[in-house]
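Only one structure is covered here, and it is reproduced in the block below.
The values are calculated or read from the model by the stated rules, or taken from the named source; none is laboratory data. The structure presented is a predicted model; accordingly, all values stated were derived computationally and were not measured. Cβ sites come from the backbone with ideal geometry, for glycine too, and all protein chains shown count toward neighbours.
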Amino acid sequence: MESCKKSLLTGLEALNISLEEHKIAQLLAFVQLLEKWNKAYNLTAIRNKEAMIGLHLLDSLAVAPYIQGPRIIDIGTGAGLPGIPLAIYYPEMQFTLLDSNAKKTRFVQQAILELGLKNISVCHTRVEQYQPEQNFDTVITRAFASLPDILQLTTRLLSDSGILLAMKGQATDVPEIENAQTTIIPIQVPDVDAERCLVKIQLTK
């Protein structure tokens, strides 16, 4: 794992993110769990631990400056991305990780247990059926659906001043949204040679 740790530290420095040693250890332990469970559960197309550092950990943490709390929901979290890396980064915030795939939510539950994360709850359901007791300050999605579909399914989950963050490759399907302010934020992910952006949507009264 030494090469993984070196890649992670170099990437965090490029992102201007400083993390305590125990958080670095949690991130690396998460990658090891992901690699181990991936063999049986097919959680991600990325098989290689070194590739997971950039494509999963750094890709998730690159959006950390844009998160607003204290309540965040990760829709279509899959193997816990970006929710688990962000929850490690922000232990004072409360994260809900939602996915309809039972295998993936089982893995996320196990990862949370093994990593000792106290600020995450897991929800195995479809977003259409999800009824939270309280709405969220940030709704974030990563490769979950097209932007129009994301909007249709998730804006009801936002608090009055909440934001929707959609992690995208290219921002090709950004619709004109009535009563909303849309910002496209270019994202540079270390060790990832692909276009990335964050679409930020804030509903206006």
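Name the residue that is modelled with the lowest pLDDT, counting only residues in the range 118-150 that are of a type in the set (A, V, I, L, M) and crowded, with 19+ Cβ neighbours inside 10 Å.
To start, the set of residues in the range 118-150 that are of a type in the set (A, V, I, L, M) comprises 120, 122, 127, 139-140, 143, 145, 147, 150.
Retained after the next criterion (residues that are crowded, with 19+ Cβ neighbours inside 10 Å): 120, 122, 127, 139-140, 147, 150.
Working: ILE120: 98, VAL122: 98, VAL127: 96, VAL139: 97, ILE140: 97, LEU147: 82, ILE150: 87.
Filtering first and then ranking leaves LEU147.
For the range 144-158, check the following and say yes or no: at least one residue is among the basic types (Lys, Arg) and under 22 Å from GLY80 (Cβ atoms). Steps first, answer last, please.
Kept after step one, since they are among the basic types (Lys, Arg), are these residues of the range 144-158: 156.
Applying the additional criterion that residues be under 22 Å from GLY80 (Cβ atoms) yields none.
No, the range 144-158 contains no residue that is among the basic types (Lys, Arg) and under 22 Å from GLY80 (Cβ atoms).
Suppose we filter the range 32-85 for residues that are among the charged types (D, E, K, R) and touching a Cys at 6+ places or on another chain (Cβ under 7 Å); how many remain? Even if it seems obvious, please write down each step before you answer.
Filtering the range 32-85 down to residues among the charged types (D, E, K, R) leaves 35-36, 39, 47, 49-50, 59, 71, 74.
Imposing the further condition that a residue be touching a Cys at 6+ places or on another chain (Cβ under 7 Å) reduces the set to 49-50.
Residues that pass the stated criteria total 2.
For every residue, the table says whether it meets (1) among the basic types (Lys, Arg); (2) in contact with a strand residue (DSSP E or B) (Cβ under 9 Å, 6 or more places away or on another chain); (3) free of Cβ contacts under 8 Å to residues at least 12 places away in the same chain.
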residue: VAL31; (1), (2), (3): no, no, no
residue: GLU35; (1), (2), (3): no, no, no
residue: ALA51; (1), (2), (3): no, no, yes
residue: ASP59; (1), (2), (3): no, yes, no
residue: ILE72; (1), (2), (3): no, yes, no
residue: ILE75; (1), (2), (3): no, yes, no
residue: GLY83; (1), (2), (3): no, yes, no
residue: LEU86; (1), (2), (3): no, yes, no
residue: PRO91; (1), (2), (3): no, no, no
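Would you be able to say whether some residue in the range 111-119 is in contact (Cβ under 8 Å) with a residue 12 or more places away in the chain and under 23 Å from CYS197 (Cβ atoms)?
No, there is no match, as no residue in the range 111-119 is in contact (Cβ under 8 Å) with a residue 12 or more places away in the chain and under 23 Å from CYS197 (Cβ atoms).
Return the residues of the range 144-172 that are within 19 Å of SER100 (Cα to Cα), free of Cβ contacts under 8 Å to residues at least 40 places away in the same chain and in contact with a Ser or Thr (Cβ under 8 Å, 6 or more places away or on another chain); say none if nothing qualifies.
Once the filter is applied, which keeps residues that are within 19 Å of SER100 (Cα to Cα), free of Cβ contacts under 8 Å to residues at least 40 places away in the same chain and in contact with a Ser or Thr (Cβ under 8 Å, 6 or more places away or on another chain), the range 144-172 yields only ALA166.
Suppose we keep only residues that are farther than 20 Å from ILE84 by Cα and modelled with pLDDT of 90 or more within the range 161-180. Which one would you say is surrounded by the most Cβ atoms within 10 Å (Cβ to Cβ)?
Restricting attention to the range 161-180, the residues satisfying the condition of being farther than 20 Å from ILE84 by Cα are 161-162, 169-180.
Among the residues that remain, those that are also modelled with pLDDT of 90 or more are: 161-162.
Values: SER161: 9, GLY162: 20.
Here the residue is GLY162.
If you go through the range 46-62 one residue at a time, do you hit one that is out of contact with any Lys or Arg (no Cβ under 7 Å at 6 or more places or on another chain) and more than 22 Å from LYS5 (Cβ to Cβ)?
No, because not a single residue in the range 46-62 is out of contact with any Lys or Arg (no Cβ under 7 Å at 6 or more places or on another chain) and more than 22 Å from LYS5 (Cβ to Cβ).
Taking the range 113-167, which residues are among the β-branched types (Val, Ile, Thr) and farther than 26 Å from LEU57 by Cβ?
Keep residues of the range 113-167 that are among the β-branched types (Val, Ile, Thr), which gives 120, 122, 125, 127, 138-141, 150, 154-155, 163.
Listed by number, the residues that qualify are THR125, THR155.
For LEU61, which of the numbered conditions (1) surrounded by 24 or more Cβ atoms within 10 Å (Cβ to Cβ); (2) within 19 Å of THR10 (Cα to Cα) fails to hold?
Of (1) surrounded by 24 or more Cβ atoms within 10 Å (Cβ to Cβ); (2) within 19 Å of THR10 (Cα to Cα), only one is false for LEU61: (1).
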